[in-house]
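The values are calculated or read from the model by the stated rules, or taken from the named source; none is laboratory data. Computed from a predicted model, the values in this text were never measured in an experiment. Cβ: placed from backbone, ideal geometry, glycine included. Neighbour counts: every protein chain shown. Each accessible area value is taken on the protein alone, full model and side chains, heavy atoms only, with ligands, DNA and RNA left out. Shrake-Rupley method; radii C 1.70, N 1.55, O 1.52, S 1.80 Å.
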Amino acid sequence: MTSVTSAASPAGAPDVRPLPRFPSGFLWGVSTSAHQIEGAADTREPSVWDAFTAAPGRVRDGSTAAVACDHFHRHTEDVALLRDLGVDAYRFSISWPRVNGPGGLDFYDRLVDEVCAAGVRPVPTLFHWDLPLGVEEAGGWRSRETAERFAEYVAGVAARLGDRVPTWITLNEPAEHTLLGHALGVHAPGHRLLFDALPVAHHQLLAHGLAVRALRAAGARDVGIANSHGPTWPASREPADVEAAGFYDLLLNRLFADPLLLGAYPDGLGELMPGTAARVEADLKVIAEPLDRYGINYYAPTRVGAPQGTEIEFGGVSMPAELPFSVRKIEGRPVTDFGWPVAPEGLTELLTAFRDRYGDRLPPVTITENGCSYEGLDDQDRIAYLDGHVRALHEAMEAGVDVRGYFVWSLLDNFEWAEGYARRFGLVHVDFATLERTPKASYHWLRDALRAQRG
């Protein structure tokens, strides 16, 4: 296989010290998602992403996930990689379109059996952005009915797999799915609704609460969500920048955490949600169903200032001029191949801020995603990134934050949404021409680090 050798490491050399010791029972894992790795598109119903990628100009390299990593046919090989890596848990997602397809849950039934046989805990996520196209055409997340249909789907999955699945994640990153898929239109389903996308946020949160109830009814005792969060850093101390940063933080962090953990929307946002005040209040009781773990996907902080009056490009996303904030570059930091700043201390800052804001309303935390995009098999940049973030996580735990697990994104290089195959987040390199898997240096680093933790 031909590989691209990484350039000199902008993130610096990895720390040669052993990682700090984590408590016994701490859950080490890796994550993937169905649409990004499974392929076999002809064996499931179409999803919003199939329709989105079929339109010219939507994906950077013009690719689709019709084959992706072909995990559907090669999952036994991928489970062997999990076993050899030595992780405790595998967080994957279940494709609602596949469940609706001819084989239903048969594939996931086999996958769960094989993961369990490898001595790894299966941790399925029930929605990772791949809404069935038929559900979208009936209104999608803009419709309250989708939350109810989601709960029915979840009940069916739990009835089939619940005897072997101890840990469940309801939704992945409703904030990004709302912002990128419905407000800005750069992800599927491609709507550009701006602030009219707020009902999408509410219906996803309601779907989460209904799913928690469905899982409890099926006997589940370990249920969480995977929300994306990161610190918001004002561009300056000027009042306009501080105010804009506060509003951004409200939309991307508190809008999706406060209802779950406090049972209320932040001031001023509740009245923007669909339905009467009484109905929103009733929905919040469902949304705030108690959780056993709170999943956080962390990648980087965001620097935010006052609007600049022009549309700007940031991280591959076009940010409209009419937004009441602008996202700015964080200077003086190494960046990943995606252009995201490397700031491990942001994870410590985020976790301690959550502890201070939510107190005893915050369940035990699991880092459900953390990772970076870099080229090359000798991916020292990725090793440095993961090493720094694991240490930052440990610092937060020493400061009193109750963190119970850490999942690397991702096991495999995959279809990276609107970036296509142009970004590589995997511990394992995938040659998308031959589908050959090759563990990278970071895979071996993590394997050795986990062995040392247990030694």
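In the range 347-409, which chymotrypsin sites (Phe, Trp or Tyr not before Pro) are in a loop and have at most 11 other Cβ atoms within 10 Å, using DSSP for the loop call?
Working: sites: 354, 358, 374, 385, 406, 407, 409; in loops: 374.
Hits after loop and neighbour filter: nothing returned.
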The range 234-303 - Kirkwood radius from inverse mean 1/r over Cα pairs (Å): 13.8 Å
C-alpha center-to-center spacing [the range 344-384, the range 386-455] in angstrom: 12 Å
Rg followed by Dmax, in Å, when the range 29-75 is reduced to its Cα trace: 11.3, 36
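Just to be sure I understand the rule: take each whole DSSP H helix in the chain, project its Cα atoms onto its long axis, keep it if the span is 18 Å or more and its mean Kyte-Doolittle hydropathy is at least -1.0. Which ones pass?
Numbers: long enough: 71-85 (20 Å, -0.64); 144-161 (26 Å, -0.13); 198-217 (29 Å, 0.61); 345-358 (20 Å, -0.47); 380-398 (27 Å, -0.58); 441-454 (20 Å, -0.98).
Those that clear 18 Å and a mean of -1.0 are 71-85, 144-161, 198-217, 345-358, 380-398, 441-454.
Would you mind getting me the FRET efficiency between residue 335 and residue 278? Use the beta-carbon distance for r and R0 = 51 Å, nearest 0.05. Walk me through the intermediate numbers first.
On the way: r = 48 Å, r/R0 = 0.93.
With a Förster radius of 51 Å, E is 0.60.
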Rounded FRET efficiency, nearest 0.05, which uses the C-beta distance separating residue 26 from residue 51 and R0 of 51 Å: 0.80
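Please report the antiparallel percentage of the DSSP beta bridges confined to the chain, to the nearest 5. Spell out each step's value before the answer.
Values: 11 of 43 bridges.
Bridges in the chain are about 25 percent antiparallel.
Quick one: which of 286-297, 325-336, 31-42, 142-153 comes out on top by average Cβ neighbours within 10 Å, and what's the full order, highest first? Please list the in-between numbers first.
Values: 286-297: 20.8, 325-336: 16.5, 31-42: 23.4, 142-153: 18.3.
Packing proxy ranking, top to bottom: 31-42, 286-297, 142-153, 325-336.
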Net lengthening on full extension, residue 264/residue 42 (0.36 nm per residue, minus Cα-Cα): 75.7 nm
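How large is the accessible surface per residue of the chain, computed with a 1.4 Å probe and reported in Å² as a whole number? Don't skip to the answer; put the middle values down first.
Details: 16850 Å² over 455 residues.
That works out to 37 Å² for each residue.
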For the range 285-402, the fraction of alpha-carbon pairs in successive 10 Å shells from zero, as %: 12, 34, 31, 22, 2
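Highest mean first, what order results for 236-248, 62-74, 410-422 on Cβ atoms within 10 Å? If you can, show how the numbers build up before the last one.
Numbers: 236-248: 15.7, 62-74: 19.0, 410-422: 21.8.
Top of the packing list down: 410-422, 62-74, 236-248.
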Packing rank of 83-92, 436-445, where each peptide gets the mean count of other beta carbons within 10 Å, highest leading: 83-92, 436-445
Three principal axis lengths of the range 113-228 [C-alpha, angstrom, descending]: 45, 25, 23
Surface share of carbon and sulfur [accessible, 1.4 angstrom probe, percent] for the chain: 52 percent
Between the range 123-148 and the range 34-48, the Cα center-to-center distance that results, in Å: 15 Å
For the range 266-312, radius of gyration divided by Kirkwood radius, i.e. Rg to Rh on alpha-carbons: 1.14
Rounded FRET efficiency, nearest 0.05, which uses the C-beta distance separating residue 109 from residue 67 and R0 of 35 Å: 0.95
Dipole of the chain, positive direction: furthest Cα of 140, 290, 172, with charges on the beta-carbon: 290
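How much length, in nm to one decimal, is gained on full extension between residue 353 and residue 77, taken as 0.36 nm per residue of separation minus their Cα-Cα distance? Mind showing how you got there, number by number?
On the way: separation 276, 0.36 × 276 = 99.36 nm, distance 4.04 nm.
Here the answer is 95.3 nm.
How much of the calculated P(r) for the chain lies past 34 Å, in percent of all Cα pairs? Don't jump to the answer; show the numbers that get you there.
Details: 28426 of 103285 pairs.
Value for the chain: 28 percent of Cα pairs lie more than 34 Å apart.
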Largest-first principal axis extents, alpha carbons of the range 189-295, Å: 51, 30, 29
